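Worksheet: the structure to be examined is printed underneath.
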Amino acid sequence: MSEDNSKQRDPLKAIYHDSIVDNPGHFKQLINHNTGLLCIDLQYLDAMEGFGVFRDPEKSGVPKEGRDYYFNQLKTTVLPNVKRLQGAFRDCQLEVMHTRIQSLTQDGRDRSSGHKRLNLLAAPGSKEAEFIEEIAPVDDEVVVNKTASGVFSSTNFNYVLNNMGVNALFVCGVYTNECVETTVRAASDLGYFVTMVEDACATVTPSLHQASIATLKDRYARVVTTNEALMDLARFAGGET
């Protein structure tokens, strides 16, 4: 191996992979039913054409090519995969949990400074705060409202998970490089066993999506496909593929 290639190699990859990614605790938590599915921000605000961020597409900041890519990914891949994951977790009687961006007040005065600067608002009862119907919560599934990228930094979600005995998370949702990545990093730092389902996440360009995966994989989370996640459930939690 050349000196240049040696310098570019990640010297800590093996340590992180063995202790965090390839840790048998991931599967132990599935066997013990201490694993949950976390669906991030799949709502009208940021995942539906003609609403919220994309109400005026030209002012969204995302060029047409990016919008077309993002919504095509949601329609053809992400939402169907999230629905499959939700069904499998429910069949295994594992927690399915949801985050969404929603303020406490109608004028959004309780929002984080970041969301105020971005003019990002989903008020209670608004269309922007609604979940996309096909992957919306059912029955009494946990819903956590937030006004920041990270659910752990801005809510009592860690407390809620501890109360429910959830020690591991499978994560899906949007945007890959924003709320998903922030949540995965924080969950790993807090000691959760984290699995990111790469084809159940999306953002506005392929390069941003892949960059987040490259950062999280073998460092903060196992990164798997939906089919691989379903196989995990079938093998360790009594689910069906």
Residues of region 98-147 that turn out to be assigned to a helix (DSSP H, G or I) and not hydroxyl-bearing (Ser, Thr, Tyr), as a count: 10
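Kindly indicate whether GLN86 is within 21 Å of the chain's Cα centre (by Cα), surrounded by 13 or more Cβ atoms within 10 Å (Cβ to Cβ) and of a type in the set (S, T, N, Q). Outline the logic, then answer.
Details: within 21 Å of the chain's Cα centre (by Cα): yes; surrounded by 13 or more Cβ atoms within 10 Å (Cβ to Cβ): yes; of a type in the set (S, T, N, Q): yes.
Judged against the criteria, GLN86 is a match.
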Residues located in region 122-153, provided they are surrounded by fewer than 18 Cβ atoms within 10 Å (Cβ to Cβ), within 22 Å of ASN177 (Cα to Cα) and among the polar types (S, T, N, Q): ASN145, SER153
Residues located in region 185-205, provided they are under 24 Å from ASN72 (Cβ atoms) and either of a type in the set (Gly, Ala, Ser) or in contact with a strand residue (DSSP E or B) (Cβ under 7 Å, 6 or more places away or on another chain) (or both): MET196, VAL197, GLU198, ALA200, CYS201, ALA202, THR203
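Only one residue in ALA234, ALA229 is of a type in the set (A, V, I, L, M), part of a helix (DSSP H, G or I) and under 15 Å from the mean Cα position of the chain (by Cα), so which one is that?
Exactly one of ALA234, ALA229 is of a type in the set (A, V, I, L, M), part of a helix (DSSP H, G or I) and under 15 Å from the mean Cα position of the chain (by Cα), namely ALA229.
Would you call ILE20 closer than 23 Å to HIS98 by Cα and either surrounded by fewer than 16 Cβ atoms within 10 Å (Cβ to Cβ) or in contact (Cβ under 8 Å) with a residue 24 or more places away in the chain (or both)?
Numbers: closer than 23 Å to HIS98 by Cα: no; either surrounded by fewer than 16 Cβ atoms within 10 Å (Cβ to Cβ) or in contact (Cβ under 8 Å) with a residue 24 or more places away in the chain (or both): yes.
No: the conditions fail for ILE20.
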Breaking point among (1) charged (D, E, K, R); (2) surrounded by fewer than 18 Cβ atoms within 10 Å (Cβ to Cβ); (3) on the phi < 0 side of the Ramachandran plot, for ARG222: (2)
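Any chance you could count how many residues in region 42-69 are in contact (Cβ under 8 Å) with a residue 60 or more places away in the chain, over 21 Å from LYS146 (Cβ atoms) and part of a helix (DSSP H, G or I)? Before you say what the answer is, go through the steps one by one.
In the first step, residues of region 42-69 are kept if they are in contact (Cβ under 8 Å) with a residue 60 or more places away in the chain; the result is 42-48, 51-53, 62, 66-67, 69.
Now drop any that are not over 21 Å from LYS146 (Cβ atoms), which leaves 62, 66-67, 69.
Imposing the further condition that a residue be part of a helix (DSSP H, G or I) reduces the set to 66-67, 69.
Summing the residues that are in contact (Cβ under 8 Å) with a residue 60 or more places away in the chain, over 21 Å from LYS146 (Cβ atoms) and part of a helix (DSSP H, G or I) in region 42-69 gives 3.
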Tally of residues being in contact (Cβ under 8 Å) with a residue 24 or more places away in the chain and under 24 Å from GLY61 (Cβ atoms) across region 186-210: 8
Checklist (1) surrounded by 15 or more Cβ atoms within 10 Å (Cβ to Cβ); (2) under 24 Å from PHE236 (Cα atoms) applied to PHE157, failing item: (2)
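Check LEU118, LEU104, LEU208 and return the single one that is farther than 24 Å from GLY25 by Cα, of a type in the set (A, V, I, L, M) and modelled with pLDDT under 95. Outline the logic, then answer.
Working: LEU104 fails: modelled with pLDDT under 95; LEU208 fails: modelled with pLDDT under 95.
One residue alone meets the criteria, LEU118.
If you go through region 161-185 one residue at a time, how many are touching a residue at least 60 places away in the same chain (Cβ under 8 Å) and in a helix (DSSP H, G or I)?
5
On the given criteria, is GLY25 out of contact with any Lys or Arg (no Cβ under 9 Å at 6 or more places or on another chain), more than 30 Å from PRO124 (Cβ to Cβ) and not polar (S, T, N, Q)? Before the answer, list the steps.
Details: out of contact with any Lys or Arg (no Cβ under 9 Å at 6 or more places or on another chain): yes; more than 30 Å from PRO124 (Cβ to Cβ): yes; not polar (S, T, N, Q): yes.
It is true that GLY25 is out of contact with any Lys or Arg (no Cβ under 9 Å at 6 or more places or on another chain), more than 30 Å from PRO124 (Cβ to Cβ) and not polar (S, T, N, Q).
The values are calculated or read from the model by the stated rules, or taken from the named source; none is laboratory data. It should be emphasised that the depicted structure is a prediction, and the values quoted were computed from it without experimental measurement. Here Cβ is always computed from backbone atoms with ideal geometry, including for glycine, and neighbour counts include all displayed protein chains.
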